[in-house]
């Protein structure tokens, strides 16, 4: 009996949290269409989210390209299919590896940063002070951050994909003596819009999920410094899990369109 009660309570807490996040998202959509939009804060957040994450994303993408090519190349040689390496690498990175790995990296960096920043503002009553002064803290703090992550993540994914392809080319050039022109001719001959469009579209949803969860946990952080740490930690965990769920949905939807 206690086990059943614990299970019921866990499911109740899960659905309660899901409902609160849904209401938070609904409030975002209501606020984002109401003028005025905090353009200066939005641009600042785009700089923080995009430009300040560029180096981390680029290094991660380069290493992904190197490691992926090094790991797959021996197997492709055994099957006598080493000539298909550029095509296989490019499709794998553009369709799946680039978007999901970049999103996970950003969930750890950006999601935790947003959760900690808003959480600290919550526990020090800065958000309450903004409400007293007549400022809409939700529009200034939440809307701008969610929009910034939603807009910047696809650009970071494109950057990571490009650098990852260069990393894979480096391995192909050193181990297979493949020229730059031959490698990228094979890459672009095998990548079609059916590969680029779905991966770009789902990147917008990834960015929205990261920004939404980070802002939700920070904006509703509990009192005390422990609440700030919990907000940052839980924001990363939930957003990472949500990324995999969204990725699964995107793959299933894309597969349906491929079958049509």
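Every number here is computed from the coordinates shown, using simple stated rules; none is lab data. Every value quoted in this text rests on a predicted model; they were computed, and no experiment measured them. Cβ: placed from backbone, ideal geometry, glycine included. Neighbour counts: every protein chain shown.
Annotations for the structure displayed:
- Global geometry of region 1-103, whether rounded, prolate or oblate, following the gyration tensor of its Cα atoms and the 1.5 cut on a/c: oblate
- Likely footprinting exposure, 46, 215, fewest C-beta neighbours within 10 Å first: 46, 215
- Overall shape: prolate for region 86-216, with the ratio a/c of the largest to smallest alpha carbon gyration tensor axis at 1.5 or above and a/b above b/c.
- Angle in degrees between helix 112-123 and the longest Cα principal axis of the chain, rounded to the nearest 10: 10
- The residues 204, 180, 193, when put in order of fewest to most other Cβ atoms within 10 Å, stand as 193, 180, 204.
- Cα gyration tensor category, rounded, prolate or oblate, for region 157-204 with a/c compared to 1.5: oblate
- When 175, 12 are arranged by Cβ crowding within 10 Å, least crowded first, meaning fewest neighbours, the order is 12, 175.
- Alpha-carbon Debye profile of region 38-259, log10 I(q)/I(0) at 0.14 Å⁻¹: -0.85
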